[in-house]
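Undergrad: Here's a structure for you.
Please treat every number below as a calculation from the coordinates, not as lab data. These numbers were taken from a predicted model, which means no experiment stands behind them. Glycine also receives a Cβ, built like all others from the backbone with ideal geometry; neighbour counts cover every protein chain displayed.
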Amino acid sequence: MQSKPYVFDARPTFPLLVTARQYWTSDCSRDDPDAVTLVFAHATGFHKEHWEPTLEHLLAHLRDQGSFKVRDAWCIDAPNHGEAAKLNERTLQWGYVPEEYARAVHLFLAGLGKGVDVDFSSRKLVGIGHSMGATAIILSHTYQPPLPYVSVVLVDPMLLPSWVDSSPSNGGTRNILLEGAEKRRDIWPSREEAWQQFTSRPAWKIWDERVLKLYVQHGLRELPTAEYPDRTEGVTLTYTKAQETACYRDKLGRTKAYRYLPYLCDVLPVHFIWGEMPDPILLRMYRRTAEVKNTVMSEGTQGKHASEKRIKGAGHLLPQMQPERLAAALTSTLVSISTCVIHRHPGSVASRL
């Protein structure tokens with residue numbers, strides 16, 4: 001699999017630089033106007049490269065399957081994650097809300113800036129988002145000009161019914177993710193020592209080793225940084241604790257995405273892929289995780305979604321825990337997109353499965 005990095009600049013309209021990477025293989029239909037472009041958005045705390053193991057399996061499966069043509073794939077960093085966090089570290093000190101990720105995805109794909117020599121307006125896009133990235137994909141559909149999506153796949157999306165955030169019995173008054181971020185260790189003497197710590201902890205041992213190596217490579221950076229200007233040795237998180245807590249405090253973005261979901265389902269085939277296992281942290285926060293998912297599928301989509309899959313042996317962190325199984329689920333989901341969807345005008349009501 002080959003790749004090429006990009007830095008997209010929409011300043012002064014949007015003050016944050018956007019980093020992305022284009023992926024393709026020799027089997028991709030790069031000159032076929034009917035081939036689909038896949039657009040990936042990642043979860044909170046991670047970065048675009050976390051999709052690479054899933055993407056390698058996915059492109060191999062689609063090559064073997066033969067009927068679904070991919071032009072290329074693009075993975076986009078949230079502006080306060082990964083490589084983008086390094087470029088934006090001074091600007092991020094102004095403040096940040098998670099919806100900036102949706103805005104970044106939209107500006108990037110709409111071509112409202114410079115640095116990317118691709119006209120996505122003529123492409124057929126399938127948006128694939130995990131957790132916070134799913135919210136970003138949903139909300140990117142709310143901006144103008146409209147993006148040429150032909151379908152959307154939401155991977156264990158961070159979509160919560162109103163009763164989850166408002167009820168104390170469901171963790172509404174306590175955010176365990178926020179508390180964990182505030183207490184998280186974020187400095188190590190070296191990448192090697194960080195790796196040793198990660199691989200010794202049960203929470204990390206369940207990750208696919210390839211993804212964990214990518215996390216150590218791209219999720220850490222050398223000191224000093226704007227956050228730690230006086231620390232000159234060692235490594236720290238590219239996604240700082242200040243940025244992580246800012247994301248966990250915000251409820252507006254995911255609320256807007258949840259309320260927009262039925263309208264999105266009216267105009268696009270919206271597919272869901274969930275991890276079957278309850279996530280221990282989310283279970284502590286929301287108690288009834290199965291009920292949350294069921295409510296999203298019934299109330300959130302109003303029954304208008306195109307498909308739903310649940311993957312055994314994985315919880316919320318599907319790309320981290322089970323990239324190969326996720327790729328298999330994505331393959332069957334993409335193949336299910338009928339030929340008429342690909343050939344109709346992207347985003348039209350008539351194109352819905």
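Undergrad: Which part of segment 198-217 falls in the paramagnetic zone of Ile176, meaning amide N under 16 Å from the point 7 Å along Cα-to-beta-carbon?
TA: Under 16 Å, as judged by backbone N against the label point of Ile176, lie 202-204 of segment 198-217.
Undergrad: Would you mind checking Lys86/Lys205; Lys48/Lys293; Lys114/Lys293 for any pair whose Cα atoms are more than 32 angstrom apart?
TA: Details: Lys86/Lys205 27 Å; Lys48/Lys293 25 Å; Lys114/Lys293 39 Å.
Too far apart for the 32 Å limit: Lys114/Lys293.
Undergrad: Please compute the Kirkwood hydrodynamic radius over segment 62-208, one decimal place, Å, based on all pairs of different Cα atoms.
TA: Working: mean 1/r = 0.0538 Å⁻¹.
By the Kirkwood definition, the hydrodynamic radius is 18.6 Å.
Undergrad: Within the set Lys69/Lys309; Lys4/Lys312; Lys124/Lys241, which residue pairs have Cα atoms separated by over 25 Å?
TA: Numbers: Lys69/Lys309 22 Å; Lys4/Lys312 33 Å; Lys124/Lys241 37 Å.
Check vs 25 Å cut-off fails for Lys4/Lys312; Lys124/Lys241.
Undergrad: Taking 7 Å along the Cα-to-C-beta vector as the label spot, tell me the Arg210-Glu233 distance in nanometres, rounded to one decimal.
TA: A separation of 3.6 nm, rounded to one decimal place.
Undergrad: Pop the C-beta distance of Ser26 and Trp94 into the FRET formula with R0 = 41 Å and round what comes out to the nearest 0.05. Before the final figure, lay out each step's value.
TA: On the way: r = 44 Å, r/R0 = 1.06.
FRET efficiency, Ser26 to Trp94: 0.40.
Undergrad: If amide hydrogens are placed 1.01 Å from N in the peptide plane, which non-local residues have theirs closer than 5 Å to the one on Lys124?
TA: Counting only residues 5 or more places away or on other chains, the set is Thr37.
Undergrad: If you don't mind, there's one more thing I want to ask. If eta is 0.692 mPa s and T is 37 °C, what Stokes-Einstein diffusion coefficient results for segment 122-265, Kirkwood Rh from Cα pairs, in µm²/s? Mind showing how you got there, number by number?
TA: Working: Rh = 17.8 Å.
Roughly 184 µm²/s, to the nearest whole number.
Undergrad: Right, next: Suppose a student asked you for the relative contact order of the chain, using Cα pairs under 8 Å spaced at least 6 residues apart; what percent would you report?
TA: Numbers: 687 pairs, mean separation 70.7, N = 353.
Across the chain, relative contact order equals 20 percent.
Undergrad: If you average 1/r over all unlike Cα pairs in segment 1-91 and invert the result, what Kirkwood radius do you get in angstrom?
TA: Details: mean 1/r = 0.0710 Å⁻¹.
Kirkwood radius, segment 1-91: 14.1 Å.
Undergrad: Give the calculated FRET efficiency between Asp266 and Ser121 to the nearest 0.05, with a Förster radius of 22 Å applied to their Cβ-Cβ distance. Don't skip to the answer; put the middle values down first.
TA: Values: r = 22 Å, r/R0 = 1.00.
Calculated transfer efficiency: 0.50.
Undergrad: Pairs of Cα atoms under 8 Å, at least six residues apart: use those to get the relative contact order of segment 174-275, whole percent. Kindly include the intermediate steps, with their values, before the conclusion.
TA: Details: 71 pairs, mean separation 30.9, N = 102.
Worked out over segment 174-275, it gives 30 percent.
Undergrad: To continue, here is another question. What does the convex hull of the Cα atoms come to per residue for the chain, in Å³? Please list the in-between numbers first.
TA: Details: hull volume 44.1 nm³, N = 353.
Looking at the chain, the number lands at 125 Å³ per residue.
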